[in-house]
Every structure is written in structure tokens, then in C-alpha cells.
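Down below is the structure, laid out as C-alpha cells.
The values are calculated or read from the model by the stated rules, or taken from the named source; none is laboratory data. Note that the structure is a prediction, hence the values are computed from the model and not measured. Backbone-built Cβ (ideal geometry, glycine too); neighbour counts: all protein chains shown.
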Amino acid sequence: MKLFRSLREKPWLQQPAIAGGAPAYAGPDTAGAARIALRFILAVVGVIFFLFIITFLSRSQYPDFEALAGAPWQPFNDTTRLWFNTALLACASLGMHFGLVSARNGKINGSIIGISAAVLFTVLFLLAQFDLWLHLQSMGFYINSNPANSYFYLLTAVHGLHMMGGLIVLSNVVFRVWYDSEPESLASPLQLCTTYWHFLLGVWLVLFALLSSSPETINTLAAMCGF
Amino acid sequence: MKLVIALILLIVGTLAFHFWSPWWFTPIASNWGMIDTTVDITLWITGFVFVAVNAFLAYCVYRFRHSPDRRADYEPENKKLETWLTVGTAVGVAAMLAPGLIVWADFVNVPDDATEVEVLGMQWQWQYRLPGADGVLGEVDARLISQDNPFGMSKNDPAGQDDVLVNSNELHLPLDRPVKLLLRSKDVLHNFTVPQFRVKMDLVPGMVTYAWLTPTRTGKFDVLCMELCGIAHYAMRGYVVVEEQADYDAWMAQQSTWADMQAIPAGNADVGKTTYLTCAACHGQQGEGNPAMNAPRLAGLPGWYIARQLKHYKQGIRGAHEDDEYGMQMAPMANVLANDTAIRDVTAYIETLHARPATNTLNGDPARGAGRYVSCGACHGANGEGNSALQAPRLAGQDDWYMKRQLHNFRHGIRGAHKEDTYGHQMVLMARSLKDEQAINDLLAYLNTL
Amino acid sequence: MQHVALADRPDELHDPQTFITKYVWSQDHKVIAIQYGSTAIFVGLIALVLSGLMRLQLGFPDTFDFIDPNSYLQFVTMHGMIMVIYLLTALLLGGFGNYLIPLMCGARDMVFPFMNMLSYWVYLLSVIILLASFFVPGGPTGAGWTLYPPQAILDGTPGYDWGIILMLVSLAVFIVAFTMGGLNYVTTVLQARTHGMTLMRMPLSVWGIFVATILGILAFPALLVSAIMMLLDKTLHTSFFMPAVVSLGENLSYEGGSPILFQHLFWFFGHPEVYIVALPAFGMVSDVLSVHARKNIFGYRMMVWAIVIIGALSFVVWAHHMYVSGMHPAFGFFFATTTLIIAVPTAIKVYNWVLTLWRGNIHLTVPMLFAIGFIFTFTHGGLTGLFLGNVTIDLPLSDTYFVVAHFHMVMGVSPIMVLFAAIYHWFPLMTGKMFDERLGKWHFWCTFLGTYAIYLPMHYLGFLGVPRRYFAMGTTDFIPESAQSLNAGITVAALLVGLSQLIFLYNIFKTLRSGEKSPRNPWGAASLEWQTADVPPHHGNWGKELPQVHRWAYDYSVPGAAEDFIPQNHPVTEDEQTEGH
């Protein structure tokens, strides 16, 4: 609403608030800028997964599509492995959160423990996802044998790449702690990383739900999207 | 000042070009006159806006050109003016959109009495299928497509047995009868376009699309592919013949059905051997060819290609051009073969022949020829092995002097110019990309290495 | 991400000293802008040469030996892709976006200078990958710039192997570069505006670039997604887009995919892409017109709203590129309606440009000539868009030369006119030198009249039904012989226009070497970029203190003011306050 009001301003008229002597402007708020940048990054990542999912639903309506769940011989009929991996990622997210809270309270050790746990669980998650690939391969579910399989490998790979990207940025933050052990200076970048981790956990939950859906659920979703 | 004159001249010039240009829609031959009307409405509205805006622009540039003793007006906005302009534009846009949507609704809804015709596209040819006596097209599946089953017909569907399969790029349509074109592709995207019909639609592999029309004028019209489909996209041509019902029925009677195609027996090589004695006089006992007699080698050529050429000679499609000296010698020889069975037999025998590789007679640079061969190899195969699906004969091992003469004939319209010579017509277009003799020699030198 | 921008630190010590840090690994937005700009113009020249080769074949078929059906399609594809992505997008956003945003918003630099530098180098990498495809076996892809599967990855299309893979990888790399740059542009506009610079006081250039960048950030992912899926179809034989096909007689293992799905993704990116190019051009031309007409831009608020509305609508019109693609024909009703609705805000922009000239005091400088030329060509190109957007008229015209003429008029000539206007307009600011005006005028006349001579007749080839992307027309029953002479004429005009760009290059080099020093603010512009401490601005742009903005960017010919323009950082006088205009 505020945006709409400001878009209706008539800029050629003098604005009384600004016409008076205002304090000198020092420069941009970089922490705020980083928050905005993160929002756009999340928007980009969100659009990427959104489009993948839309094409998934569209492709699922072709006769050769065989969902990965819904029948006893399908790999995700039993979701134990997926739940296990989800638990790993959730632990990573929790670790990030703990690290952030500690940094905010000035507890550098707690912060380091939290971040280390997050990194550990993230790596474990990636390994577990890779193991899941091997598992599906051994069951004969190759990437090109069915579009549902293609989407499984594609979506998990793209998600994994985003996790790895997060790890790279996080390692940058960790180095900062190493050289400059002021926990307060850590809180702000850590906040961004934590948001990113939570976001990717959310994306994974959506992917999980989609990949382990029965054909009926997928058909319903596709019908709702108009395919 | 120069700019004002230029702007006015451009406006006048554009109008003059528009009204005096000889380049305009080709006369219509279908029921879609409404499309032309919609174009006219849009032209008048947009033309008016074009002239009005730019004339006003020219006026402003002239009237408000820089002058040191005058200041520009200060006017941030003018709500009333802007509102009127918006409303006026919206009305104009609606006036263009409404007829468009009405005609589109016609296009989407096919009349019930339209007869179905299937157009099948492939790189870079057209084929057609008609429903036959039962009025129903049989089932097809791209995975069933093969040399013997070019349409991918299902053998189990009884509805398909009487389907008429037109294995040529020419389709006939009866006059004044609505027809629904079902469009199907074997490989990549194509687009079925007859400019005189106005409507067009893509052919998409994996699905069937449609368009409908009623032909309203007899004649033979070009079919063009209008969706980029690879190297020979521009050579993917066909014909639609619109004719009176009686002529149409006569054409239909000559076509063969899927059942007929399955019933064709294989050629008998033993019978063909006796027939070949006549041919051997020039083409050699082993089909090795004889440059002295201007007879190309036949050994190694695929049977379907020889059969098509023999039919073309018989029907005057090849060897009828006055500059085709050697083709005119061949035409009467081909007439010795009485019917299709005789042709099948002799080609079956020729397919059994083997001969030594041809000797090189030309000097060219094979390395440069390799680059030129890229476009050829799309159809004739990377190793010149030929490709029956594309109706492209084998080139490797053929006599270079013969290929040189044929390329010359294609380039000069001595061969392939006949309207019925579908594949020859493609070669006319392709051969023209070889601009001089050196280019041909290089190309053939490369082919000699294959 | 937490670095304080180098330029925002208080002392001067951080100014880059060595040649390498100053001109190569520079984090200064102005240097990066020039790096972006010169790379883009360099690849653009390659694409220009390719178009010349295509025109030679079309104008004079059966004459030239160096072009065959295979290479013709490769030239078509590379010309299109380079011009749309690697020239226009890169030059308008990477070049002008980078240069103008911090200066016009009153910032010292982009918010993330390091990422900004990275963006350029990644862009350069994508250009190198793209150009590398000329040297791989099979050459670059010849699938057309739309890269439609199945043909893009099947035998029978030039460069179906290495060429297409390199093209897709290059696009993916470009998208990474664009995203890094784009994050910077939006964040800088939102966060680093100087005091007093409200959103509605920003010049329209910034508005255009800002909205275009948001479009890019949201639209390029669609291209990335389709590129990844096509790469998998090509390399791992998945069947996202590939149905069961018989390619050149061979039954392939693909099954069940949908080529139309690719087209939806491609155009979901491709249509916003049109506005990614158009909106910055709209913005910059508004500023040029206003400055040289000595009059405020007419209907500023409407102009801003139109930019935002066009940007939003551009996401719901994509399938107007697909009326005859075989998608469900009922979509035609929806997309024709949305497409024609978008004509309304676009038309308003045209009216407001002309109304800006109305009662102005028009200086026909070189930038102004190009800007007025833009109004003419854009009106023409916009109006022909109403033909193609209207689903019924698209039936006879799609895939003909009418389409080619339309999008060149609206997306080729028009943005290029603005680019030249912008280059000439801001050249004194960028270099501190004034270009040769006589050469600039020659350049304008050749470009303006020449391009119109190319594209006006081309529409009529389209009415005739001449298909695009044809290596040679051969003989048909509906194209008269005279069409060939028309084609030859178009080729001659095209070659002349191509050659006349040498005037531009010569002018640039001559001015850089021995040009006259330009006055500080030669056009008398009110916007902030001309009010820097030095011209050309130094690293950090503003000296010790950031400027304070007191008014909008269009205070030209204000009644009662001493001069015919009041700079944005000029404090409001007592008189003005009492008058309260």
C-alpha cells in the first residue's frame, strides 16, 4: 500500500519533509542491502523450482509417465529413506538456527558448534541423497528409463547443487569467525545463511511430497493446474 | 529542418509503397476471406495511427525547433488529455481485436461435415493419408515406422486396412468441400502452409494438430514448410491440387491402400536376370557402368532408387528435357519394362550385383570437398551410404563423371524440374548451393575417398 | 555479502592505483560498464557481419561460394542469439545499467562491487564459450535462435552435437552472470539512493532498467530450466521434450516427451526478454527527449506506471508466439486479448514522447536525432505488432518475413536507435570529450534511412508469403520474379547500413584520441549524473559528500527560474516554496 501511495506522488511538487534541512546521508545500509539481495536470490531459486514442478505436472499427464510411488514395486512407496534424509536436513537447519541464536547472544563457542553441526548434517544429507541415487540405480530406475525417474534425479541434483552453493558461502562466513571472532559481526551474515537453509529445507519438503505422491495425487494436482 | 522533410517523406513514401507495391497477398483459394478482411481493418486503423502520430511528430519538430528567445512550456502532466488518449486507444484496440477473436472462433470449431485428411511430415518431405471407404483413419504409432511401413500403421487395426496412403508430396482435394487436416510429424517440427489457403499449423511429433478449410478455387498450389526443420528446410516442398469431384475421384482410383501395399510381392531376381541382359549391353554384366557408353554403374545402388528412376523414365518425368541427351537415350529403354512387376524383378537382380569400386577421373581437393559435403550428408549419409527413409541414394562408390553430369543437370533444371519429380526438385535447390565447377570437383574428390 | 562497498569507506587511500586494478580487475561500476559495453559491441559486430553474409545469399542467390544451407542456418542462429542476448541485454543492462544506476541514484558504486566485477567476467566467459562453437566439429548450432527441440538436438540440423551443447552451456553461464549483475542493480536502486531521491524522483532511465532487471531475474530462470532439460535430453537421453521420433530413418529411444512444453518455457522467458530490452530503451529515450527538448517529460507518473504495467503484463502474453505451434487453440483467445491490452500502455508512452516535444524548445543534436528516429521506427514496429498479436492475422503472417521485419523494427532498429542516442548523449560524461557532430549526423542519416529501407519492404515480402529461414526460395507459384529484385535492394541497403557503422566506430576512436574537451554539462541536463565532482566522474563518483536531492529530474524551463534547467541537487528556493508548484 505504501508502495502504491508513493507511486502516486507528484514529484514536481515540493515535498515538505525533504525541503527542510535533512541530516547528511552517509551511504547505503549494507546489511539491509544484503537482505534484499537474499530475497531476490530466494525468488530466483523459487522460480527455478516452481518451473521445474510445473513442467513435472505437465509431463506427468503423458501416458508413459510412471510415478515413483503408489504401487508396491515403486521405490518411494516406502518413504523411510526419504524421511531419514529429511531428518538430516532438518538437523542441519536446526544447527544453523542454534548457531545464529548463539551468535546473537554473543556466545562464539555455541555459534561454532551450531555451524559445524549444520555443515556436518548438510554433508551427510548430500551423501545420503547420493546413496539414494545409487539405490534407485540398483533397482533399475535409471535416469532415462522414465520421465518420473528423470525428474527425480534432476530435482534432487538441482537441490543438491543449491545446498553446495550454500556451503561455499557458509565457509566464507566460517573463515570470518576464524579471523575475526566478534560474534556480533557474525550474526548478520549468519542470519542470511540460516534463512537460505530454512528455505532449501522447505523446497526439499515440497520435492519430497511431489516425488512420493501417488499417481492419483499427481493427477489431481495437474488437473488443478489445468493440464 | 532536414529531419522534418525526412519524416514527411518517410510517411508519404510508406503510403506510396503500400498502395503501389505489387507485393501483396496471393489471391485467396479458400473460405478464409474473413482473415483478409481482418487484416484490412487492422491496416486502416494502424495506418491512421501511423500517419497521425508521425505527422504530429514532424509538426512538433518543425514548430518547436530551438529558438533562443523562447522557452519551452512547463507542463508536468495533463490528466484530461491522457485519459482521452487512453480511451481512444482502447477503443481502437478493441475494434481490431473483436473481429480477430470472431474469426478465430470459426477456425477453432471445425464443421461437422469436414472430411479428414492426414498430412504426415518428415525431414524433408510430405506424405498424406486418407481414411478410405470406411471414413475412419486407422491407428498409427511412430515406433512402428520402418522401410516397409512408412506411415507407422498398426497391423491390428482393421480400420487402417483401407486407408489410402499417398507416398508422394502431392495431395488432391475436392473443390468446395470442407476438409480437416490432421497434422502429424515423424521427426521434428514442421509447418503445413499453402499461402493461398491463408491458414497454417505446425506439425508436432508425438501429437496430432489440426487446421480446417474449404478450397474454393481449382488449381495446383505449393505446399511449403514454415517451421525450421533442419538443413533442407527450404527444400521441403509439396503440392495441393484442388479439382472438381470427377477429377478427384479419378485420382483417388489410382491410389493404393495400406492393404494393397502389404500385398505387393517381393521382386524375383531370377526373372530379373533375363531382363537385365538388355541393360547389360551398356551398364555392364556386373552393373559396373561404362563411361564410353555414358552408362553409370548400377551395382551398389538401392533397388527402390532404380525402380523410381525407371518409372520416371517411363512416365517422361526424367529423360524428357531436350538438353538431357543421355536421359533421352534411356527413356525408350525403360519402356521395355512392361509393368511394375518387371521393374521389381530387374531391380531385385541389380541389387545382387557387385562390382569393383569406380575409378577416379576428376582432380579436386578432398579436404575442401569435405566441408561442402556437410549439407549433402544430412540426407545421403555421413559416409555417402544413402538413406532410404529420405529417398536419398547411395553416393559412395558411384562414378564421379556421372555424378558431375547429374549435378550439372540439376543445377540447370535439366533434371528435377518436372513438377512430378518430388525428390529431384529438392536436388535442384540443393545443387544450386554449389556455385562453380571447382566446388563440384572438390566435392566429388571427397566422395571418391568414401 | 557483508562487505562495506570499497567506495563507501571514507578515505581516498583505497583508490585503485595500478593499471590492473584500475582497468582490468576493476570494481568501479563505470569501468565495468565500459567493459560490458565494449565486449557487447564487439560480439555485436560479429553478429552484424553474419547478417551481412545472410543478406548476400538472400539478395544474390547462386552467386556466393562461401555460404551453403548448413552455414546459412548457423549464421541465422548465431546472429539472432548474439543480438538478443549477448549484445542488447548485455549492453542495455550490463553497460548502461551499470553506468547510470549509481550515478543517477547518487550512490558511490553498486552495493556489491565485487559481485559486479564477477558478473562481467562470467559474462565474458559465456561469450568465449559461445564463440568457441565456431571452432568445434560441426560448427555452431543452426537450430534458429529459438532452439526448438526435437530438431536442435537431432542429426539433420547443423551443429546438433557440439554446437548445441556449447550454446546451452553458454546461455546457462550468461544467466549466472546476469543474475549477479541484476541483484546488484535492483538492490542498488532499492537501497543506495541518496538522500531525497524518492522512487518517483528517479529518472525514467533508472525506472526502465530497474523494472527490466526484475523481469530478467524472474524470466531468465525459465531459459535456464529449459536449457538444463534439453542438455539432459541431448546427453543422457531423457525424454523431457522428446517424443518418439524417427530421425532420418532411424527409430530413436526417446518416448513421450512434449516439444511444446519447451516452447512454453522458452517464450515464458522470451517474451519478457523483449521488454528486458525495450524498457531500458524506453527509459533512456525519455530522458534524452526531455533534455534536448528543454521540457519535462510529459506525464511522468503515467510513464512510470506504464513501465510497471508493461513489465507485469509481459508475463501473461508469451503464447502469442505460439498461435500456430499446435498448442490448444483455445489459448489463442486469452493470449490475443492480453497481447492487445499491452498495446495500450505502450501507445501511451509513444503519445507522451511526442507530447514532450509539443511546445518544447527542440535542439536537434545528434542524440536527439536518434531519439526522434526511435519514435518513428518504434511507432512503425509497434503497430505491426498489432497484426501479429491478433491471433487471426497471425495465421497467414507467422513464420514469414513479416515477422522478421516486425521484430527487427521493434527489437533491432528501435533499441539500437536508443543505444546510439544514449551513447552520444552520455559520451561527454563517460570520456570528458565531445564527439564530432558532423560525423554523428552522417551516422544518424545512414542508420535511420537505411534501416527503414531494409525493413519497410521486408513486411511486404511477408504479406506475399515468403517464409523466413529459407536458404533460397527457388521457384514457387505465388512469388513473382520481382520479389527477387526487392530482396536484392534490401541487401544493398543492409550492406550500406552495416558499413555506415564504421563512421560511428571512427568517430569514437577519433574522439578518444584527439577529441575536443567537452564542457561539464554540455546538454544542460538536470539529472544527477551530470552533477558529479569531476567529469568524467572518478572512483567513488561524488568526492567527499554524497549529493542531496531536492527535486525531480525534469525541472526544465521552470517559469521564473534563471536558467532553463535546475539540477536535481539544487536546493529549493524561497520563491519556489511559496509558489508551491
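Scoring B:E82 on the criteria (1) in a helix (DSSP H, G or I); (2) surrounded by fewer than 17 Cβ atoms within 10 Å (Cβ to Cβ); (3) modelled with pLDDT under 95 leaves a single failure, condition (2).
What about B:I264, is it more than 23 Å from B:D112 (Cβ to Cβ), surrounded by 17 or more Cβ atoms within 10 Å (Cβ to Cβ) and out of contact with any strand residue (DSSP E or B) (no Cβ under 7 Å at 6 or more places or on another chain)?
Working: more than 23 Å from B:D112 (Cβ to Cβ): yes; surrounded by 17 or more Cβ atoms within 10 Å (Cβ to Cβ): no; out of contact with any strand residue (DSSP E or B) (no Cβ under 7 Å at 6 or more places or on another chain): yes.
Answer is no for this residue.
Going through (1) under 23 Å from C:L499 (Cβ atoms); (2) under 20 Å from the mean Cα position of the chain (by Cα); (3) small (G, A, S) one by one, C:G440 falls short only on (2).
For region B:355-450, give me every one of the helices (runs of 4 or more DSSP H) that falls completely inside it and has 2 or more residues that are within 18 Å of the chain's Cα centre (by Cα) and within 22 Å of C:G249 (Cβ to Cβ).
Values: elements: B:366-380, B:400-411, B:422-431, B:437-448.
Output list reads B:366-380, B:422-431.
A single member of B:V119, B:V140 is closer than 30 Å to C:G332 by Cα, assigned by TED's automatic domain parsing to the domain that holds B:V223 and at pLDDT 95 or above, and it is B:V119. Taking the options B:G272, B:G300, B:G319, B:G284, name whichever one is on the phi > 0 side of the Ramachandran plot and more than 34 Å from the chain's Cα centre (by Cα). The conditions single out B:G284. Only one entry in B:A58, B:A72, B:A52, B:A29 is small (G, A, S) and not assigned by TED's automatic domain parsing to the domain that holds B:M96, namely B:A72.
Answer yes if at least one residue in region C:470-481 is in contact with a Gly (Cβ under 7 Å, 6 or more places away or on another chain) and in contact (Cβ under 8 Å) with a residue 24 or more places away in the chain, and no otherwise. For region C:470-481, residues in contact with a Gly (Cβ under 7 Å, 6 or more places away or on another chain) and in contact (Cβ under 8 Å) with a residue 24 or more places away in the chain: absent.
Condition first: assigned to a loop (DSSP other than H, G, I, E, B), hydroxyl-bearing (S, T, Y) and buried (at least 16 other Cβ atoms within 10 Å of the Cβ). Now tell me which residues in region B:59-79 satisfy that. Spell out how you get there, then give the answer.
Step one: filter region B:59-79 for residues assigned to a loop (DSSP other than H, G, I, E, B), giving B:64, B:66-78.
Subset that is hydroxyl-bearing (S, T, Y): B:67, B:74.
Hit for region B:59-79 is B:Y74, nothing else.
Looking across region C:190-215, the residues that are within 20 Å of C:A312 (Cβ to Cβ) and at the interface with another protein chain (Cβ under 10 Å from one of its Cβ atoms) come down to C:L190, C:L199, C:M200, C:M202, C:T213, C:I214. Does region C:539-546 include one or more residues that are outside the structural domain of C:P428 (by TED's automatic domain parsing), hydrophobic (A, V, I, L, M, F, W, C) and under 28 Å from C:A33 (Cα atoms)? Yes - at least one qualifying residue is present in region C:539-546. Looking only at region B:146-185, residues that are of a type in the set (K, R) and crowded, with 20+ Cβ neighbours inside 10 Å come to 1 in all. None of B:C225, B:C229 is over 21 Å from C:L464 (Cα atoms), buried (at least 23 other Cβ atoms within 10 Å of the Cβ), touching a residue at least 60 places away in the same chain (Cβ under 8 Å) and not assigned by TED's automatic domain parsing to the domain that holds B:G424 except B:C229. Every test in (1) more than 10 Å from chain A (Cβ to nearest Cβ); (2) crowded, with 22+ Cβ neighbours inside 10 Å is passed by C:L125 save one, and that test is (2). Against the conditions (1) within 9 Å of chain C (Cβ to nearest Cβ); (2) under 30 Å from B:D222 (Cα atoms); (3) touching a helix residue (DSSP H, G or I) at 6+ places or on another chain (Cβ under 7 Å), B:I28 satisfies every one except (1). In region B:332-354, the residues that are over 24 Å from B:Q398 (Cβ atoms) form Cβ pairs under 7 Å with partners that are in a helix (DSSP H, G or I) and of a type in the set (D, E, K, R), at six or more places apart or across chains, as follows: B:N335/B:K314.
Please tell me if C:L357 is surrounded by 24 or more Cβ atoms within 10 Å (Cβ to Cβ) and assigned by TED's automatic domain parsing to the domain that holds C:L279. Yes; evaluated as a whole, the condition is true for this residue. Does at least one position in region C:186-205 carry a residue that is crowded, with 24+ Cβ neighbours inside 10 Å, without any contact (Cβ under 8 Å) to a residue 60 or more places away in the chain and in contact with a Gly (Cβ under 6 Å, 6 or more places away or on another chain)? No, that holds for no residue. Looking at the structure I just gave you, is B:T37 in contact (Cβ under 8 Å) with a residue 24 or more places away in the chain and either surrounded by 16 or more Cβ atoms within 10 Å (Cβ to Cβ) or more than 10 Å from chain C (Cβ to nearest Cβ) (or both)? For B:T37, the condition - in contact (Cβ under 8 Å) with a residue 24 or more places away in the chain and either surrounded by 16 or more Cβ atoms within 10 Å (Cβ to Cβ) or more than 10 Å from chain C (Cβ to nearest Cβ) (or both) - is not met. Output the residues belonging to region B:80-93 that are facing another protein chain (nearest Cβ under 8 Å), within 42 Å of the chain's Cα centre (by Cα) and not β-branched (V, I, T). B:A90 - this is the single residue of region B:80-93 that is facing another protein chain (nearest Cβ under 8 Å), within 42 Å of the chain's Cα centre (by Cα) and not β-branched (V, I, T).
Listed by first and then second residue, the pairs with beta-carbon distance under 6 Å, at least 6 apart or on different chains, first residue in region A:55-66 and within 10 Å of chain C (Cβ to nearest Cβ) and closer than 12 Å to A:A223 by Cβ, second assigned to a loop (DSSP other than H, G, I, E, B) and not charged (D, E, K, R), are A:S58/A:F227; A:Q61/A:F227. Residues in region A:69-97 that are free of Cβ contacts under 8 Å to residues at least 40 places away in the same chain and either surrounded by 19 or more Cβ atoms within 10 Å (Cβ to Cβ) or assigned to a loop (DSSP other than H, G, I, E, B) (or both): A:A71, A:P72, A:W73, A:Q74, A:D78, A:G95.
With respect to A:A117, is the statement that it is among the aliphatic types (A, V, I, L, M) and under 17 Å from A:L207 (Cβ atoms) true?
Details: among the aliphatic types (A, V, I, L, M): yes; under 17 Å from A:L207 (Cβ atoms): no.
Here the answer is no, as A:A117 does not meet what is asked.
Here are the criteria: (1) in contact with a Leu (Cβ under 8 Å, 6 or more places away or on another chain); (2) assigned to a helix (DSSP H, G or I); (3) more than 30 Å from C:A40 (Cα to Cα); (4) among the β-branched types (V, I, T). Tell me which single one C:T339 does not satisfy. Checking C:T339 against (1) in contact with a Leu (Cβ under 8 Å, 6 or more places away or on another chain); (2) assigned to a helix (DSSP H, G or I); (3) more than 30 Å from C:A40 (Cα to Cα); (4) among the β-branched types (V, I, T), the one that fails is (1). Taken together, the residues in region C:267-303 that are closer than 15 Å to C:I423 by Cα, touching a Gly at 6+ places or on another chain (Cβ under 8 Å), more than 14 Å from chain B (Cβ to nearest Cβ) and hydrophobic (A, V, I, L, M, F, W, C) amount to 3.
When region B:116-148 is limited to residues that are away from chain C (no Cβ under 14 Å) and in a strand (DSSP E or B), the one that is farthest from B:E420 (Cα to Cα) turns out to be B:E116. Of all residues in region B:144-161, none that is outside the structural domain of B:W126 (by TED's automatic domain parsing) has its Cβ atom under 8 Å from the Cβ atom of a residue that is assigned to a helix (DSSP H, G or I) and crowded, with 16+ Cβ neighbours inside 10 Å, 6 or more apart or on another chain.
Of the residues contained in region B:100-115, none is found to be more than 29 Å from C:T384 (Cα to Cα), at the interface with chain C (Cβ under 7 Å from one of its Cβ atoms) and among the aliphatic types (A, V, I, L, M).
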